[in-house]
Amino acid sequence: MLKEDYEVVIGLEVHAELSTKTKIFCSCPTEFGAEPNTHVCPVCMAMPGALPVLNERVVEYAVKAGLATNCTIARDSKNDRKNYFYPDLPKSYQISQFDKPLCENGYIEIEDDEGNPKKVRILRIHIEEDAGKLNHNEFGEGSLVDLNRAGVPLIEIVSEPDIRSSGEADRYLKKLKSILQYIEVSDCKMQEGSLRADVNVSVHKPNEPFGERHEMKNMNSFKSIQRAIEYEREAQISDNENGVKINRETMRWDDVSGKTFSMRDKEDAQDYRYFPEPDLVAIKLSEEYIANIQKNLPELPESRKARYLEEYKLSEKDSRMLTASKYLSNMFEEALAICGNSKAVANWLLSDVSRILNEKELEPDQIPFTAEQLAKMIMLIDKGTISSAIAKKVLEELFETPKNPEEIIQEKGWIQISDEGAIKEVVMRILENNPQSIIDFKNGKDRALGFLVGQAMKETKGKANPQMLNQMFLEELKK
Ligand SMILES: [Zn+2]
C-alpha cells in the first residue's frame, strides 16, 4: 500500500479566551501578565460557599462567534460541571457546557489544497472557564499555582473531522482567528495562550471507517500544529503498514525533537461525570436578543474581500491576503483614505511590509508605524520626491524608528534628483564611461539601456529619477 493511498482526518478543538474585562463568574479582571494571584477572589479561588454569577458579556461574545461562523444559536442552554482533578483547577471541576451548548451546526469556509472553496463544519461552540496555571519552580522544588487565569472566559469551537491535510488545518485556524479578531471577541494572542488548539489526527484508507485518533492538546503555534500533523500522519501510516494497532491516546508534541509522545489514555465523556451546574440558572435567549447581535455584527473577512474586489479592483489573491488580518486591512483603508492610491498601498503592505513582518516574526498589529506614515511615503513616490528604491530604505527606517517619512529623507539626504541639469550630467558621464553599451544599443541590444540606467542609479545611490534617466539616455542614444 502506498502512503498516498491513506487519507489523514483532522478535527480541531479551539479554545479562545474572550476579551471581556472581567472573568466569567466573578468580577476579577482578565488582564494578562499581572503578578501571580492578584486577580483573584473567593469565587475564582473556589472558597466554600462562594457562588458564581454568569457574566452576560460572555454569552454575548459567544453568540457573536456563533453567528459569525454560521451556527444556530440555542434559545435554551445551560452550564454543566465537568469533574476532574488537576492542581490548577481549584474547584476540582470546571464549569462548562455539555449537552446544551450555546451554538451548534455552523461552518467556516476555507480553501482546499487545490484552491477550491470548502466548508469545514462546526459541531458546536460552548462557553467555559479557563483553569489557573502551574509555574514550575526552576530549582526543582515543586510547582507554584497562579490563579489569575482561573475563571477567564473561554469559548471552545469544535470542528467536525472535515479537515484533510495540514495545509487545510492551517487555513482553518487562520480563518477562525481572523473571524474572532474581526468581531472583536478575542485578541487571539497565541504567544499569551489566548488561542490554542487541541488537534485530533487519524488516518484511514478511503472507503474504510476512520482510524483511532491521537489528540495533541493545547498547541499554540500554527507552525507546530502543521509539523505535528505531518509527523502523526507519517507515524500512523507506518504503524498501519506494520500492523501496529493505534489506540486512542493523548499525545504531547515536542517542538525540539519534532516528535509526539504518548501521555495518557484519552478520557471519555463519562469519565468527567458531567452534571448540570446547580449554582447557575439556565441561559434563555430571546429572538430580539439574537437578532440584535446579528444586526450589529461587524463586516466579516468574506464580505470585506468582496468589497475590495468590487470597490478597489484588487485581485482575488490580494483582497484575500489583505482582509485575512483585520489590522492589515484597516491599515490599508486608512492609508488609502489619505493617499488615494489603492494599488500602491496594497502592494506595499503585501510585498515589502509583509516580507519584513515575516523576517522579524511579527504580527500585523505589531507594525510600529502608522497608516498615515505609510500613506505619506507613497505620496512622496507619487510626487517624484523619492524613487521606489529609496522608498524601500524609508520603509526599513519606518520599522526601526517610525516618524514622518519626509523627516527621514531630509535627515538621510535621500531626496530624489529630478533636476534636469544634474541628471544630464550623470547621463553624459555614464555614456562616456561605457562606449560599448552605446554600440550595443545601436546594434539593437535594448538591454544596454537598462544597464546604463542601472549604472546611473548606482552612481546616484538610487536617488536619480528613473523615468527621467530612461528618457534622457534614450534621447542621447538616438542622436
Ligand atoms: Zn474572581
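Just so it is clear, none of the values below were taken in a lab; they were calculated from the coordinates. Bear in mind the structure is a predicted one, so any value in this text is a computation, not a measurement. All Cβ positions, glycine included, derive from the backbone under ideal geometry; neighbour counts span all protein chains shown.
Compared with the dominant Cα axis of the chain, that is its longest principal axis, helix 166-182 is turned about 90°.
Packing here is the average count of other Cβ atoms within 10 Å per residue, and on that basis the peptides 345-354, 16-25, 395-404, 381-390, highest first, run 16-25, 345-354, 381-390, 395-404.
The alpha carbons of the chain occupy a box of 93, 57, 54 Å along the principal axes, longest dimension given first. For the residue pairs Lys78/Lys133; Lys100/Lys295; Lys133/Lys217, the alpha carbons lie more than 21 Å apart in Lys78/Lys133; Lys100/Lys295.
Projecting the Cα atoms of Ala235, Ala197, Gly167 onto the charge dipole of the chain (Cβ charges, centred on the Cα centre) puts Gly167 farthest toward the positive pole.
For the chain, the Cys residues with no second cysteine's beta carbon closer than 4.7 Å are Cys26, Cys28, Cys41, Cys44, Cys188, Cys339.
The stretch 230-250 and the stretch 400-434 have Cα centres lying 62 Å from one another.
For the stretch 295-359, the set of trypsin sites (Lys or Arg not before Pro) satisfying both a DSSP loop assignment and a count of at most 12 other C-beta atoms within 10 Å is given as Lys313.
What separates the Cα centres of the stretch 443-479 and the stretch 1-65 is a distance of 62 Å. Taking chymotrypsin sites (Phe, Trp or Tyr not before Pro) across the stretch 199-271, the ones in a DSSP loop with at most 14 further Cβ atoms lying within 10 angstrom of their Cβ are Phe210. Relative to the longest principal Cα axis of the chain, at what angle does helix 326-339 sit, 0 to 90 degrees, rounded to 10? The helix 326-339 is inclined about 30 degrees to the chain. Applying a threshold of 18 Å to the alpha-carbon distances of Lys383/Lys479; Lys91/Lys284; Lys177/Lys326; Lys343/Lys393; Lys82/Lys189; Lys383/Lys424 flags Lys383/Lys479; Lys91/Lys284; Lys343/Lys393; Lys82/Lys189; Lys383/Lys424 as lying beyond it. Sites listed here are trypsin sites (Lys or Arg not before Pro) in the stretch 185-250 whose DSSP assignment is loop and whose Cβ has at most 12 other Cβ atoms within 10 Å: Lys245. Quick check: the angle from helix 371-382's long axis to the longest principal axis of the chain, C-alpha only, nearest 10 degrees? The two axes meet at around 20 degrees.
Taking amide H as placed 1.01 Å from N in the peptide plane, the amide H of Tyr107 sits under 5 Å from that of Asn70, Cys71, Ile122, each at least 5 places away or on another chain. As a length-normalised measure over Cα pairs under 8 Å and 6 or more apart, the relative contact order of the chain settles at 14 percent. Here the contact order of the stretch 275-396, divided by its residue count and restricted to Cα pairs under 8 Å and six or more residues apart, works out to 19 percent.
Convex hull volume of the Cα atoms of the stretch 3-289, normalised per residue: 148 Å³.
Normalising the average separation of contacting C-alpha pairs (under 8 angstrom, six or more residues apart) by the number of residues puts the relative contact order of the stretch 3-289 at 25 percent.
Packing around the peptides 52-63, 425-436, taken as the average count of other Cβ atoms within 10 Å per residue, puts them in this order, highest first: 52-63, 425-436.
Neighbour counts of other Cβ atoms within 10 Å put Cys103, Cys26 in the fewest-to-most order Cys26, Cys103.
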